[in-house]
1. How far, in nm, would the chain grow between SER159 and ARG227 when pulled straight, counting 0.36 nm per residue and subtracting the alpha carbon separation?
2. Can you tell me how much longer the chain between ASN31 and TYR220 gets when fully stretched, taken as 0.36 nm per residue apart minus their C-alpha distance, in nm with one decimal?
3. Could you tell me how far the Cα centroid of region 1-18 sits from the Cα centroid of region 194-210, in Å?
4. Based only on other Cβ atoms within 10 Å, what is the fewest-to-most ordering of SER193, SER151?
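All of the numbers you see were taken from the coordinates with simple rules; none came from a lab. Computed from a predicted model, the values in this text were never measured in an experiment. Don't worry about glycine lacking a Cβ; one is built from the backbone with ideal geometry, like all the others, and counts go over all protein chains shown.
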Amino acid sequence: MVWQRAGTVAVVTGSTTVIGTNVDFAASSRNGDAFVGPDGATYELANVASSSVISILPAYKGPSVSGAAYAIVPVQGYDKMLSDAFNNLNNQFGPKLAALGTTGNYEVLPFSKGGTNSTSQAGALQSLGLDVTKAAVSASGVGVVIAPLRSNIFDAPGSGFTSVNPQATPNSDAPGSGYGVLLQGQYNSSTYSQIFLDSLDRNFYYRNPASGASVWLKVYHTGNTTRASDGTLKAI
């Protein structure tokens with residue numbers, strides 16, 4: 001271990017106090033180390049009071065001096081190295097480790113600490129308000145047994161499937177009977193395509209609203225047209 005000799009010290013005969021100049025006793029010495037005084041005698045380092053003040057035992061026996069050379073011998077060997085390493089680690093990470101105490105003592109990490117408020121996958125999904133059914137999808141879209149009812153046909157919630165009827169969807173311009181399923185594909189925040197499948201008259205309609213409603217276009221098929229002898233189609 002390296003002896004500490006940086007700086008100088010001042011000490012008075014019969015005193016246990018040693019005052020250093022250009023020293024850092026707190027970083028370079030520990031209680032129990034050996035202090036070699038300006039008089040050449042060896043004393044026990046009894047207390048590290050600050051970075052510039054230490055106490056020794058017994059009291060200093062030599063003549064009073066200032067600006068004198070000295071030495072501190074780290075007699076504790078590897079224990080001191082370990083202590084120094086821990087102190088450095090504590091100084092660097094101590095506050096961070098202490099902060100972990102507010103989140104590291106939960107069996108279940110709550111929402112307020114960034115957790116899921118559960119210890120199981122199903123419980124976490126339920127806590128987050130998600131469907132726990134295997135292969136479940138969102139409230140609208142492919143895979144839903146019944147399309148959720150839509151209260152406003154002009155409101156564009158995104159892409160998906162919803163059901164429409166005149167009683168439950170008062171704000172609606174659905175064509176035909178007004179009863180059916182609405183398929184919507186969202187292009188951007190103001191433009192989307194809608195296909196309405198009429199559940200009563202077996203027709204379907206298409207439109208492409210952009211910043212508002214547009215005219216529904218009826219799609220003709222073999223169920224609502226007849227073919228004349230000349231090959232032309234006529235609506236029924």
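1. Going from the current span to full extension adds 20.9 nm.
2. Gain on extension, ASN31 to TYR220, equals 58.3 nm.
3. So the separation of the two Cα centres works out to 95 Å.
4. Lowest to highest Cβ neighbour count: SER151, SER193.
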